[in-house]
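Please read the structure below before turning to the comments.
The values are calculated or read from the model by the stated rules, or taken from the named source; none is laboratory data. On a predicted model such as this, the values are computed, not experimentally measured, just so you know. Glycine also receives a Cβ, built like all others from the backbone with ideal geometry; neighbour counts cover every protein chain displayed. To get the accessible areas, we keep the full protein, side chains included, count just its heavy atoms, and leave off ligands, DNA and RNA. Shrake-Rupley method; radii C 1.70, N 1.55, O 1.52, S 1.80 Å.
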Amino acid sequence: MAETHVLFVEDDDVIREATQLALERDGFVVTAMPDGLSGLEAFRAHRPDIALLDVMVPGLDGVSLCRRIRDESTVPVIMLSARADSIDVVLGLEAGADDYVTKPFDGAVLVARIRAVLRRFGHASGGQPGGTETESQPVGGVLVFGDLEVDTEGMEVRKGGEQVALTPTEMRLLLEFSSAPGTVLSRDKLLERVWDYGWGGDTRVVDVHVQRLRTKIGQDRIETVRGFGYKLKA
């Protein structure tokens, strides 16, 4: 199996070096950069398997760097933030990040989150979602909801006949919704199924990704059920 290449952008020398060593001990190949501009250059040069971006880095901040990466690639991105309740977390997710980790973090926790994201991306590129079969499942694995078509085998989405570009996390989220249209899925259940959280997680991750998905497949396609969660309109 090929080694996983991690791009790590962090301006604090101590954190950058200690985290790089911890990741390398767990078998990752790490390219560590001290600022956003060098991080962008390293991303383009090495095309890593995953990017860890600190929010507050000089030159090109982590949120802006995430946007630049997302313009070019669907590679998974985890944001690192020192302030769990900061708007930076939401801004990072809105920029296209798939998850975030709050600093200071334990090395084992960070490794677990990286592996969870990578498992999720592997699943989204070729696995099948959980849930039950519905009447919307025709032969060939294409689910149809009005003008929205979800190809669960080819991992493609079309709206009005036009292909919709989704990140693997957005695709995984849509697969969960489309596997049980009309069924309310709680935020905690989505965190468990999509983000692979076996523990409590921040539901803002779900809310921001649902909003991002709505902008791509239609604002009215996913309905908010207040106090319970979300459901896909059949």
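Each peptide in 20-27, 96-103 was scored by the mean count of other Cβ atoms within 10 Å over its residues; highest first, the order is 96-103, 20-27. Each residue, Lys216 and Val90, gets one label point 7 Å from its Cα in the Cβ direction; the gap between the two is 2.1 nm.
Adding -39500 (n - 2.57) for every DSSP H run of four residues or longer, then dividing by how many residues the chain holds, sets the calculated 222 nm ellipticity at -12500 deg cm²/dmol. Evaluated at q = 0.12, 0.15 Å⁻¹, the base-10 log of the normalised Debye intensity for the chain, with identical point scatterers placed on the Cα atoms, takes the values -0.66, -1.00.
Dividing the alpha-carbon radius of gyration of the range 1-60 by the rule-of-thumb value 2.2 N^0.38 Å gives 1.05. Here the gap between Leu118 and Leu21, fully extended at 0.36 nm per residue and compared with their Cα-Cα distance, gives a gain of 32.9 nm.
Accessible surface computed residue by residue for the chain, with neighbouring protein chains in place and a 1.4 Å probe, gives 46 Å² per residue. When the solvent-accessible area of the chain is split by element, carbon and sulfur atoms take up 49 percent of it, the probe being 1.4 Å. Across the range 148-163, rounded Karplus estimates of 3J(HN,Hα) from the backbone phi angles (6.51 cos²θ - 1.76 cosθ + 1.60, θ = phi - 60°) give 9, 10, 10, 8, 6, 9, x, 6, 10, 10, 10, 10, x, x, 9, 5 Hz, Gly and Pro being marked x.
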